[in-house]
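Below you'll find the structure, written out as C-alpha cells, and then a few comments.
The values are calculated or read from the model by the stated rules, or taken from the named source; none is laboratory data. All values derive from a computational prediction rather than experimental measurement. Positions of Cβ are backbone-derived with ideal geometry, glycine not excepted, and every protein chain shown enters the neighbour counts. Keep in mind that these areas ignore ligands, DNA and RNA; they rest on the heavy atoms of the full protein, side chains included. Shrake-Rupley method; radii C 1.70, N 1.55, O 1.52, S 1.80 Å.
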Amino acid sequence: MDNAIEARGLVKTYRGGVRALDGVSLAVETGSVFGLLGPNGAGKSTAVKILTTLSRPDTGEAFVAGHDVLRHPAKVRLAIGCVAQKSGLDLQATGRENLLLQGRVYGMRGAALHSRAQELIDRFGLAEAADRTVRTYSGGMQRKLDVAVGLMHRPQVLFLDEPTTGLDPEARVDMWNEIARLAGDEGLTILMTTHYLEEADGLARRLAIVDRGRVVAEGT
C-alpha cells in the first residue's frame with residue numbers, strides 16, 4: 001500500500017537551542033489512521049506543523065499526498081485538512097457560515113458549496129445549531145464543527161492535533177466514532193496526535209511514540 005505521509009530525518013531547533021525534533025521519520029499508509037503519542041513538549045505539534053507546511057524543518061524531507069512539503073506547499077495545502085489543538089472557528093459567525101467560508105477559500109461555489117456544507121452539518125449532528133453563532137455551542141459541538149470545517153473541501157489527508165482534549169466522555173466517544181467512520185467509509189488518511197492511550201488503541205492501525213524530539217517506538 002502506498003504511503004500518504006512520509007517524513008525522513010526531520011530536525012527542528014527553535015531559538016534558545018530547544019531541539020523540538022531530532023531526526024523524526026514516519027510513514028503513514030494511505031487510508032489508515034496513524035497515532036502520534038507523546039508527552040507535552042515531545043515534538044508532536046512541531047511535526048504536524050511541518051507536515052502541514054506551517055513550519056520548515058532545519059533538515060530532513062517530507063511528502064504528503066505525494067507532494068514535497070518544501071517544494072510544493074500549495075499542492076500540499078489543497079490536499080489536506082487540518083484541525084489544530086486550538087479552534088480556528090469564527091465564534092461570531094454561525095456554524096454554516098464557518099463551513100461556507102472554508103469552502104470558498106478552497107474555490108468551492110454555488111450549489112456544490114451549499115450542499116457540501118449541509119452534508120457535513122447533517123453528518124455531525126449540527127442541524128439544529130447550524131444557524132446559531134458558534135459562541136453558543138458547547139465544547140463538543142465546536143470540536144465537531146472544527147472537524148467538519150477541515151473536511152469541507154474533501155481532503156485526501158486529515159491532520160487531527162489532539163482532537164478530543166477537553167471533551168467530556170460522551171463527546172469524546174462521539175468523536176472517536178466519527179474518526180473511525182471517516183477512515184473506514186471514506187478511505188481518508190488520518191494522522192492524529194493524542195495523549196490518550198485508549199484513543200490510539202481504539203482508532204490507530206499503527207502508532208509512533210515521540211519523546212524529546214525522537215521516535216522511541218513505532219508499530220501496531
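A Gaussian network model of the chain, with springs between Cα atoms under 10 Å, assigns the largest mean-square fluctuation among Glu199, Glu170, Glu97 to Glu170.
By its C-alpha gyration tensor, with a ≥ b ≥ c as the square roots of the eigenvalues, how is segment 98-169 shaped: rounded for a/c under 1.5, else prolate for a/b larger than b/c, else oblate? Write down the numbers at each step before the final one.
Values: a/c = 2.19, a/b = 1.35, b/c = 1.62.
It comes out oblate by the Cα gyration axes.
Packing around the peptides 141-149, 5-13, 103-111, 87-95, taken as the average count of other Cβ atoms within 10 Å per residue, puts them in this order, highest first: 141-149, 5-13, 87-95, 103-111.
When the charge dipole of the chain is built from unit charges on Cβ atoms (+1 for Lys and Arg, -1 for Asp and Glu) and taken about the Cα centre, the candidate among Asn98, Ser32, Ala171 whose Cα reaches farthest toward its positive end is Asn98.
These residues, His195, His114, His153, go from largest to smallest accessible area, 1.4 Å probe, as His114, His195, His153. Suppose we look only past 31 Å in the calculated P(r) of the chain. What percent of the Cα-Cα pairs does that tail hold? Roughly 19 percent, rounded to a whole number.
Of the peptides 36-47, 20-31, the order by per-residue mean of other Cβ atoms within 10 Å, starting with the highest, comes out as 36-47, 20-31.
Charge tally for Gly60 (other residues, Cβ to Cβ under 9 Å; Lys, Arg +1; Asp, Glu -1): 0. For segment 85-164 and segment 35-81, write down the distance between their C-alpha centroids in whole Å. A separation of 22 Å, based on Cα centres. Against the chain, whose longest principal axis is taken from its Cα atoms, helix 169-186 shows a tilt of about 80°.
Taking the Cβ of Ile209 as the center, what net charge do the other residues with Cβ under 12 Å away carry, scoring Lys and Arg +1 and Asp and Glu -1?
On the way: positive: Lys44, Arg206, Arg212, Arg214; negative: Asp211, Glu218.
With Lys, Arg at +1 and Asp, Glu at -1, the neighbours total +2.
Taking every eigenvalue of the Cα gyration tensor of segment 33-132, multiplying by 5 and rooting it, what semi-axes result, largest first, whole Å? Could you put the intermediate results ahead of the total?
On the way: eigenvalues 179, 64, 27 Å².
Semi-axes, largest first: 30, 18, 12 Å.
Pairing the Cα long axis of helix 95-105 with the longest principal axis of the chain, what angle in degrees results, from 0 to 90 and rounded to the nearest 10? Rounded to the nearest ten degrees, it is 60. Using the Cβ of Ala112 as centre and a radius below 13 Å, the other residues enclosed give a net charge of +3, where K and R count +1 and D and E count -1.
If both residues of a DSSP beta bridge must be in the chain, then about 55% of such bridges are antiparallel.
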